[in-house]
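The block underneath contains the structure these notes are about, expressed in C-alpha cells.
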Amino acid sequence: MATLIRSKLSNKLSNAATAVTNKSQAKVSGMFARMGFQAATDEEGLGFAACDDLDYDHRQGMQMDILTSDEVGGEGSGDGSGLEGDSHYQRDGTGPPHSASKDGDPANELAEVRPKITAWEAGWNVTNAIQGMFVLGLPYAILHGGYLGLFLIIFAAVVCCYTGKILISCLYEEDEDGQLVRVRDSYVDIANACCAPRFPSLGGHVVNVAQIIELVMTCILYVVVSGNLMYNSFPNMPISQKSWAIIATAALLPCAFLKNLKAVSKFSLLCTMAHFVINVLVIAYCLSRARDWAWDKVKFYIDVKKFPISIGIIVFSYTSQIFLPSLEGNMAKPSEFHCMMNWTHIAACILKGLFALVAYLTWADATKEVITDNLPPTIRAVVNLFLVAKALLSYPLPFFAAVEVLEKSFFQDGGRAYFPDCYGGDGRLKSWGLTLRCTLVVFTLLMAIYVPHFALLMGLTGSLTGAGLCFLLPSLFHLRLLWRKLLWHQVFFDVAIFVIGGICSISGFIHSMEGLIEAFKYNIEE
C-alpha cells in the first residue's frame, strides 16, 4: 500500500513538473512568436502581402499550444489527474483536446499560453500598413487635386475605416442564443460564402487574383522607386534610371531562394523607424521654408485628366483590408478592434494630410512624383539612400507573399493543382519552382524599365485593386451576407460606397492606363 501511494505521489509530482516546464516554454516561445509577428509586419508587407493563407512565420508567428497527448498510465483510476503533455507549434490551434485540470479551466490555460496581440500592437501593424513609404506620392496628388485632394485624404480614411469594420463583421454570424460566433477566418472565406452555393470558390479566386496583382505591382513600385531615387541622388553619374533599376534588381535576385522571411523580417521595425525619421526630416525642411509657402497655389479646381490618378494614389496609401481578418483573429480582445481602427485611421488622416499639404506648399507647381526628389542635393542623397535601402528590404515581403499565393494556387492545391509541387520530399526547391521565382523578379524589372512612372503605377494599382479590395468588395459582401440585419442607413452607406468606389476605380483605371500606354510606347521607341 505504501509503495502504491509513493508511486502515485511520484507520478503526480513528475507530471506537475513537466506541465510547469511546458507552460514556461510555451510562454517564452509565445513571447518570441509575438515579437516575430511584429517584426514581420512591414508597413507595406501587411498591406500588400497579407492574406490568411500565407506564411504564418512572418505574418503572425507560430502559435504555441500545449497539447496533452499522454495520460498517467498503469493506475486504472479515472480521477483525471494527468497534467502532462508535449509542447507543439500549431498554426490553426487544432490538435488533441486539452485535458481538464483541477486548478482551472483548460480554455483559460489555452488563452494564457497562446500568443495574442493587444489593441496597441494591432494598431501599430495597421499604422505600418497605411503609413508606408508610398505617402511620398501624396504631395503629387495635391498638385493635381488641390483642396479636393485634401478632402479625399480625409474621405478615404473614413471609408477605409468603415469598410474594414464591416469586413470583420462578415466573419461572424449569430448562433441559436443570439451570440456572435466567428465562422470565417479570411477575406477568401468571406468571398466564397457570398458566392455559395452556385459558385462556392469563385469569390476566393477573384480575391486571390486581385491580391496577386496588388502584390506584384507593389514589387514593381519598389524597383521603380529605387531606380528613381538613385538616379536623382547622383544625377552627375553616367548611369540612367533604367540602369539603376537593373542594379537594384540584381540585389533582389536572392529573393528567389527565400523559403521564409525570418531573416528579412528582422529589419522591418528598423526600416519603419528609419522611414519615420525621413518623414520628420522632410517636414522639418518644409517648416524651415514656411515664409515662402505658396498658399495661392492650392487650387479649388482640379486637373480633370490627372486627378483620377491622384484618387488611385490616395486610395492605394490606405490599403489594409486584406490582412484585417487575420489581425483581428490574433487580438487578445477582439472587441477593441473598432476602437483601434478609429484611432489608427484618424492618426493616418492627420499625418498624411499635414505631410501632403506642407510638402506641396513648399514646392508648389514644382512638386515631383516622389517628394524627396525636391530636396536639395546634399540632403536628398542621404534621405534617398535610406529610402532605397528600405525599399530593397521591403521588396521580399510582397514578393514572397505573391509566390506563396501562386504556388498554393497552381502547385500545392492538393489534387486540383495544375503543376507538380515546387518542393521535393526533402524540402528543397525544385527547378521549376526556382524558375517561377526568377521569372517574377525579372518581370518586375521589365515593368520598372518600360514604365518607370511611380505615380502612374501607384494610381493604376490603387484604382484597380485598391478600390476593389477596400471599397467595392467589403460593401458588396456586407450587403450580401448581412442585408436582413442591416438598418436603412447602413444599406445606404454600403450602396453609396459601392457606387462611388466603382466610379473612382473606373475613371482612375482608364486615365492611368492611358498614361501607362503612352509611357510604354515612348520607352519602346526610345
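Any idea how many residues of the stretch 287-300 are open to solvent by 60 Å² or more (accessible area, probe 1.4 Å) and more than 30 Å from residue 508 (Cα to Cα)?
The number of residues fulfilling the criteria is 5.
Residue 303 meets each of the listed conditions (1) among the charged types (D, E, K, R); (2) buried (at least 19 other Cβ atoms within 10 Å of the Cβ); (3) under 21 Å from residue 153 (Cα atoms) apart from (2). For residues that are of a type in the set (Gly, Ala, Ser) and in contact with a Lys or Arg (Cβ under 7 Å, 6 or more places away or on another chain), tally how many sit in the stretch 350-385. Number of matching residues: 1.
On the basis of being in contact (Cβ under 8 Å) with a residue 60 or more places away in the chain and touching a helix residue (DSSP H, G or I) at 6+ places or on another chain (Cβ under 8 Å), does residue 468 make the cut? Yes. Scanning the stretch 435-454 for residues that are more than 22 Å from residue 513 (Cβ to Cβ) and open to solvent by 50 Å² or more (accessible area, probe 1.4 Å) yields 435, 439, 442.
For the structure I just gave you, tell me whether residue 463 is at pLDDT 80 or above, crowded, with 24+ Cβ neighbours inside 10 Å and in contact with a Phe, Trp or Tyr (Cβ under 8 Å, 6 or more places away or on another chain). Criteria met by residue 463.
Set side by side, the residues 449, 500, 510 differ, and just one is assigned to a helix (DSSP H, G or I), touching a residue at least 24 places away in the same chain (Cβ under 8 Å) and over 30 Å from residue 228 (Cβ atoms), which is 500.
Conditions (1) crowded, with 20+ Cβ neighbours inside 10 Å; (2) under 19 Å from the mean Cα position of the chain (by Cα); (3) basic (Lys, Arg), marked per residue:
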site: 125; (1), (2), (3): yes, yes, no
site: 128; (1), (2), (3): yes, yes, no
site: 131; (1), (2), (3): yes, yes, no
site: 135; (1), (2), (3): yes, yes, no
site: 138; (1), (2), (3): yes, no, no
site: 144; (1), (2), (3): yes, no, no
site: 148; (1), (2), (3): no, no, no
site: 152; (1), (2), (3): yes, no, no
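Of all residue pairs spaced 6 or more apart or on separate chains, those with beta-carbon atoms under 8 Å, a first member in the stretch 179-200 that is among the polar types (S, T, N, Q) and a second member that is assigned to a loop (DSSP other than H, G, I, E, B) are 186/51; 186/52; 186/53; 192/200; 192/201. A count restricted to the stretch 355-373 and to residues that are modelled with pLDDT under 90 and closer than 19 Å to residue 276 by Cα stands at 4. Whenever a residue of the stretch 236-258 is in contact (Cβ under 8 Å) with a residue 24 or more places away in the chain, its partners that are surrounded by fewer than 15 Cβ atoms within 10 Å (Cβ to Cβ) and of a type outside the set (A, V, I, L, M), lying with C-beta atoms within less than 7 angstrom and at least six residues away or across chains, give the pairs 256/438.
Quick grid of which residues meet (1) of a type outside the set (S, T, N, Q); (2) more than 16 Å from the chain's Cα centre (by Cα); (3) closer than 25 Å to residue 466 by Cα:
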{"site": "206", "(1), (2), (3)": "yes, yes, yes"}
{"site": "215", "(1), (2), (3)": "yes, no, yes"}
{"site": "219", "(1), (2), (3)": "yes, no, yes"}
{"site": "226", "(1), (2), (3)": "no, yes, yes"}
{"site": "229", "(1), (2), (3)": "yes, yes, yes"}
{"site": "246", "(1), (2), (3)": "yes, yes, no"}
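The values are calculated or read from the model by the stated rules, or taken from the named source; none is laboratory data. All of these numbers come straight from a predicted model, not from anything done at the bench. FYI the Cβ positions are ideal-geometry reconstructions off the backbone, even for glycines, and counts take in every protein chain you see. Only protein heavy atoms, including side chains, enter the accessible area calculation; ligands, DNA and RNA are left aside. Shrake-Rupley method; radii C 1.70, N 1.55, O 1.52, S 1.80 Å.
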